[in-house]
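What follows is a set of notes on a single structure, which appears directly below.
The values are calculated or read from the model by the stated rules, or taken from the named source; none is laboratory data. In this text, all values refer to a predicted model and were calculated from it rather than measured experimentally. Cβ placement follows ideal geometry from the backbone for every residue including glycine, while neighbour counts extend to all protein chains displayed. Ligands, DNA and RNA are excluded from the accessible area calculation, which covers all protein heavy atoms including side chains. Shrake-Rupley method; radii C 1.70, N 1.55, O 1.52, S 1.80 Å.
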Amino acid sequence: MDFRCTPIGHVRGGRGEAIDDDWGASRARIELDPARFTPDALLGLADFSHAEVIYWFDRVPDAEIETGARRPRGRADWPLVGIFAQRGKGRPSRIGVTVCRIVAVEGLVLEVEGLDAIDGTPVLDIKPVMTGFLPRGEVREPGWAKELMAGYW
């Protein structure tokens, strides 16, 4: 299988390093690659309140990649869970996904709030959040996940 994914742009501004919590007030810009895109690529995105941003954890060293189970944030009081049952950055694919509030769209720049990616992060894709794609029915999660997210945003 030949899998290639060229970044469409990069995160600019916001945080300079990954810190576990308080991402809600973080504002950043996503600047599209001007060699590949014109402002038409973002046309209509400002009509949405939120965007889903897919990005690449490009600064996670190979030694930090998990393929099995671990305790989220290394906490002994939380259960051992597989890497695909959590959203940590040490993922085998290094792909991150976040739903962000759209602040502004201008030219080749999308300004967002609540993006948990750092300055310089390659962005792989941007998708508008549509209610039709949101989960249908009840969303279930374990207690440790709710506790982990209590201070995240």
Right, residue 146: farther than 19 Å from residue 14 by Cβ and assigned to a strand (DSSP E or B) or not?
no
So which residues in segment 103-116 are under 22 Å from residue 36 (Cα atoms) and touching a strand residue (DSSP E or B) at 6+ places or on another chain (Cβ under 7 Å), if there are any at all?
104, 108, 109, 110, 111, 112
Suppose we filter 111, 66 for residues that are in a strand (DSSP E or B), under 19 Å from the mean Cα position of the chain (by Cα) and modelled with pLDDT of 90 or more; which single one remains?
111
What pairs come out if I take residues in segment 117-134 that are of a type in the set (D, E, K, R) and pair them with residues that are at pLDDT 95 or above whose C-beta lies under 7 Å away, six or more apart or interchain?
119/11; 119/12; 125/8; 125/54; 127/51; 127/52
Among 59, 29, 87, which is the only one that is among the basic types (Lys, Arg) and modelled with pLDDT of 95 or more?
29
Within the set of pairs 6+ apart or on separate chains, which have a first residue in segment 81-108 that is at positive phi and β-branched (Val, Ile, Thr), a second that is surrounded by 13 or more Cβ atoms within 10 Å (Cβ to Cβ) and in a strand (DSSP E or B), and C-beta atoms under 9 Å apart?
none
Look at residue 124 and say whether it is closer than 25 Å to residue 43 by Cα, modelled with pLDDT of 95 or more and not β-branched (Val, Ile, Thr).
yes
Whether any residue in segment 5-24 is of a type in the set (Ser, Thr, Tyr) and either modelled with pLDDT under 95 or surrounded by 12 or more Cβ atoms within 10 Å (Cβ to Cβ) (or both) is what I want to check.
yes
Residue that is farthest from residue 97 (Cα to Cα) [pool: residues in segment 30-84 that are of a type in the set (Ser, Thr, Tyr) and open to solvent by 40 Å² or more (accessible area, probe 1.4 Å)]:
38
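For every residue, the table says whether it meets (1) open to solvent by less than 30 Å² (accessible area, probe 1.4 Å); (2) over 18 Å from residue 27 (Cα atoms).
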| residue | (1), (2) |
| --- | --- |
| 94 | no, yes |
| 97 | no, no |
| 111 | no, no |
| 123 | yes, no |
